[in-house]
Amino acid sequence: MGLLKKEKEVLLHGNNIEYYENKRYKIPRIKNKSGRMVVLKDTKILVKVEDFPDGSHELVNVQCDSCGKLLDDMTYQHYKKLVKDDGSYHCLQCAMKLYGKENELKSRLKNSKSFYKWCYDNLSKKLADWILSRWDYDLNIKDGERLTPREVIYGSSGFNQKGYWFKCLDHPEHGSELKSISRFTSRLGSIACGQCNTISITHPHLMKYLVNVEDGYKYSYGSKIKIFMKCPDCGFEDKKSLNEISWRGYSCKCCGDGIGYPNKFGYNFLEQIIKLNMVKDFETEKTFDWLEYKFKGKLRKGRLDFYFEVNGKEYGIEMDGGWHDKDNTLSGQTKEESQYIDSEKDRLCGEHCIEIIRIESFKSEWKYIKNNIINSKLLMLLNFKETDIDWLKCHEYACSNLVKVVCDLWDSGSKNTLKIADKLKISKSSILRYLKQGVELKWCDYDSKEVIKNNLISMSSKNCKKIICLTTGEIFNSIVEASNKFNISPSNISSRCRKIKNFAGKHPITNELLVWQYYSEYIKSNPLSTAI
């Protein structure tokens, strides 16, 4: 299509005769009266349209290569401006659809800056090189053509208003991401790789809790979106936000020990300090009779996270977790109320010559807590170096589950709750609670009845207190001996001997109620008795 007629008769006149002669056209001439060769008026010659001068006003017949529309009143000059390099022609309406945006972009680039130029004009060469090297030429394609940073203006919104593709240089496994150039150049957005800000990079230790590993490459540690998480110890699944566990640590509803990441981190730190002989010992959850304060009209008992002595002076350490910096949505306690409780503890301890050292632990991150410990008074007080402490060991312990630790100690042969409590510096009641949890989870073989029986056997072997069955007159060397004969719980016999109960068990033959007494007491009350 395009030009419909390839040739046309052209009227010769003084301005074009020489032009067509130079194009090797034969110009008809005749002699005039003076003998000169002249071109007669109104002489026409057949000329190829392609040989018309670019500025020719000759009318040409043109057909649109897109819609087929016919135009017979177009000057050749106008046609030359609109015809494409491949010889195609499009009417104004079709040309706007096909080339309007392209021409607009060229115009804007001419009157504005390309993204390439903006980077080098506004950023350091190193940063500009880094950003432009991340441009994904394989994905930034439009109409089959690759777009380059030189062809995109710095205020462009990108593909479908979603930006342009940028790849990650630090982690090739990260997929390219759409980034808005206009938001970046207006300082409202970033071109940084979003996946590099996810927990897979910033908090890899949280990955073990995710049910869907892909979530670790989608969300950052501050995300409030609740996703499925799984306890690495018991397998219990629950929905939690990454924001919650990064601040407070992971706590399992099924097997959790109820102790936060900061406190377990501080515990292992002090354990290592003891091995360095900087401190002889320390206590956890330390309380005093005088450590009481009024809160919401009630008297509350205060506790110190850690307590120890150095050179005859007393100190307390408080690991100030996330709820010291923001409202506790779980308990309803506000940030101001937490700060009031802290101030009361400080006041009371100050009155009793105990110095409180507070370690900011708003985030459950080992490097963050480590730096806060190093920058606190503890560094000088305990006289340790940063390299003296295995900080990763502190982190590993902080991520552990004390219920599992206690159960493992029990099953490994340490079947003594007092020894385990002393070893872990946890109250005996907590040890018993953890062991009962462990039984439900099938993590240990703890049996409270068996433990009581063994304790009584141990006590009997140490004290060797004889007892007498007043019903039958039989004398036994120990409670356990009597227990084995009549198949009665040792604790029941002990309770009767201590006059807590009236009787303990029945005779297997006569069905009589069995009454017991310590033999030493029986002798005192019956001095003339012939019992041996």
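Worth a mention:
- Candidate lysines for bridging to Lys298, where Cα separation is under 21 Å - those fewer than 8 sequence places away on the same chain excluded: Lys286, Lys335, Lys345
- Listed pairs Lys167/Lys393; Lys275/Lys442; Lys301/Lys428; Lys301/Lys499; Lys23/Lys81; Lys428/Lys449 exceeding 24 Å between Cα atoms: Lys167/Lys393; Lys275/Lys442; Lys301/Lys499
- Where the Cα pairs of the range 2-97 fall when distances are cut into 10 Å bins, in %: 15, 41, 24, 14, 5, 1, 0
- Modelled spin labels at Asn477 and Glu18, positioned 7 Å past Cα toward Cβ, are 14.5 nm from each other.
- Estimated translational D of the range 261-303 in µm²/s (Stokes, Kirkwood radius over Cα pairs; 10 °C; 1.306 mPa s): 127 µm²/s
- Fewest-first sequence of Met37, Met207 by Cβ atoms within 10 Å of each Cβ: Met37, Met207
- Entry for the chain at q = 0.05, 0.08, 0.10 Å⁻¹: log10 I(q)/I(0) = -0.50, -0.83, -1.04, Debye formula applied to identical alpha-carbon scatterers, no solvent contribution.
- Cut-off 9 Å between beta-carbons: net charge of the residues surrounding Lys230, Lys and Arg +1, Asp and Glu -1: -1
- Rounded to the nearest 500, the 222 nm mean residue ellipticity of the chain from helices alone is -10500 deg cm²/dmol, with -39,500 (n - 2.57) taken per DSSP H run of at least 4 residues.
- With N the number of residues in the range 204-266, Rg(Cα) / (2.2 N^0.38 Å) evaluates to 1.05.
- Likely footprinting exposure, Tyr209, Tyr518, fewest C-beta neighbours within 10 Å first: Tyr518, Tyr209
- Paired Rg and Dmax values of the range 458-525, which use every Cα atom, in angstrom: 10.9, 33
- Other residues with beta-carbon under 10 Å from the beta-carbon of Gln77 carry, at +1 per Lys or Arg and -1 per Asp or Glu, a net charge of 0.
- The chymotrypsin sites (Phe, Trp or Tyr not before Pro) of the range 218-249 include none that DSSP puts in a loop with a beta carbon having at most 11 other beta carbons within 10 Å.
- Magnitude of the charge dipole, the range 2-97, Cβ model with Lys/Arg +1 and Asp/Glu -1, debye to 20: 500 debye
- When the inverse distances between all different Cα atoms of the range 32-87 are averaged and flipped, the Kirkwood radius reads 13.8 angstrom.
- Each residue in His57, His203, His90 was given a count of other beta-carbon atoms within 10 angstrom of its own, and listing them fewest first yields His57, His203, His90.
- Spatial extent of the range 402-446: Rg and Dmax, with the Cα atoms as the point set, Å: 8.9, 24
- Residues of type lysines that Lys26 reaches as a straight line, Cα spacing below 27 Å, ignoring anything fewer than 8 places off in the same chain: Lys5, Lys6, Lys8, Lys41, Lys44, Lys48, Lys80
- Rg/Rh for the range 112-196 (Cα atoms only, Rh after Kirkwood) is 0.93.
- For the range 226-295: span of alpha carbons on each principal axis (Å, largest first): 43, 39, 21
Each reported figure results from applying straightforward, stated rules to the coordinates on display, with no laboratory input. Predicted, not measured: the structure shown is a model, and the values here were computed from it. A quick note on method: Cβ atoms are made from the backbone with ideal geometry, for glycine too, and the neighbour counts reach across all protein chains shown.
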